[in-house]
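Structure first, commentary second.
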Amino acid sequence: MSTTKIAATLYQLQQLDLELERLIAEQQALVSSLQGDSALKRLRAEHNIAQQQLHLGLQAQKEAEWALEELDRRMRMQEQRLYSGVVTNPKELYALQQEVQHLRAQQNRQEEMALEVIFATESLQEIANSKTEALREAEEKWAELNAVGLIRRDQLDVKRQQLQANREQFVSDLDADLLKRYEALKRTKQGRAVSKVDQNSCQWCRVILTPSELQRVRVSTDLQMCSNCGRILYYDR
């Protein structure tokens, strides 16, 4: 491949990269605008908090119910011993009666506590349902207002994927060292590694090339660099 064709190839790659940069910048700006207004963000935050509180409430309810079940199991077991006639010693019988009464008192307190937790969880469920419905309505309204933006976002995503696929195919045919040189220049030259010669000048920095520099750009077997900005010069015949 001639030097002129190499410079032309790198220039084409740069055009692809610039278009990708433009698409990505537009995507980022669009995604930012599609995040929703402050009211929608507030509703999302409130919804998340309500869901977290409901989760904690349901967990507390389960624990209260498990504790009540355990007390009920222990009391039934001790009542069975008390009324089965197995225990005949008066002292042991009295101790067993005391334990049953203690368990019954515990059970009553736990029932009250479990009811309080259930009522609190029901209240949290109502709040969570309300927040979910408010968020759903707000997001539907937002989606209607931003339908064009959503369509454009999807279009940009498809186009970006196509450009990235084209670029991957494009660079697969390039020499690895040449590609490395291009990428290094692009990082240090504001994303512009190649500058087209326009009206005998470097298109990027507008410095006029001398006749000898123009001649080298046209016929040299080596890539020529702008003496001012250091970019690869591309001469379009």
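Table for the structure above
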| item | result |
| --- | --- |
| Yes/no for Ile118 being open to solvent by 50 Å² or more (accessible area, probe 1.4 Å) and either closer than 30 Å to Val148 by Cβ or hydrophobic (A, V, I, L, M, F, W, C) (or both) | no |
| Odd one out for Gln190 among (1) at positive phi; (2) in contact with an Asp or Glu (Cβ under 7 Å, 6 or more places away or on another chain) | (2) |
| Among (1) free of Cβ contacts under 8 Å to residues at least 60 places away in the same chain; (2) open to solvent by 30 Å² or more (accessible area, probe 1.4 Å); (3) farther than 28 Å from Arg22 by Cα, the one test that Leu214 misses | (2) |
| Conditions (1) under 30 Å from Leu40 (Cα atoms); (2) without any contact (Cβ under 8 Å) to a residue 24 or more places away in the chain: number failed by Gln162 | (1) |
| Matching residues in region 1-26 - criterion: being open to solvent by 60 Å² or more (accessible area, probe 1.4 Å) and aromatic (Phe, Trp, Tyr) | none |
| Selection status of Arg104, open to solvent by 100 Å² or more (accessible area, probe 1.4 Å) and either modelled with pLDDT of 90 or more or not in a helix (DSSP H, G or I) (or both) | no |
| Filter result (crowded, with 16+ Cβ neighbours inside 10 Å, free of Cβ contacts under 8 Å to residues at least 40 places away in the same chain and of a type outside the set (S, T, N, Q)) within region 180-205 | Val197, Cys202, Trp204 |
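The values are calculated or read from the model by the stated rules, or taken from the named source; none is laboratory data. The shown structure was predicted, so the numbers you read here are calculated from the model rather than taken from an experiment. Neighbour counts run over all protein chains shown; Cβ positions are idealised from the backbone, glycine included. Heavy atoms of the whole protein, side chains included, go into the accessibility calculation; ligands, DNA and RNA do not. Shrake-Rupley method; radii C 1.70, N 1.55, O 1.52, S 1.80 Å.
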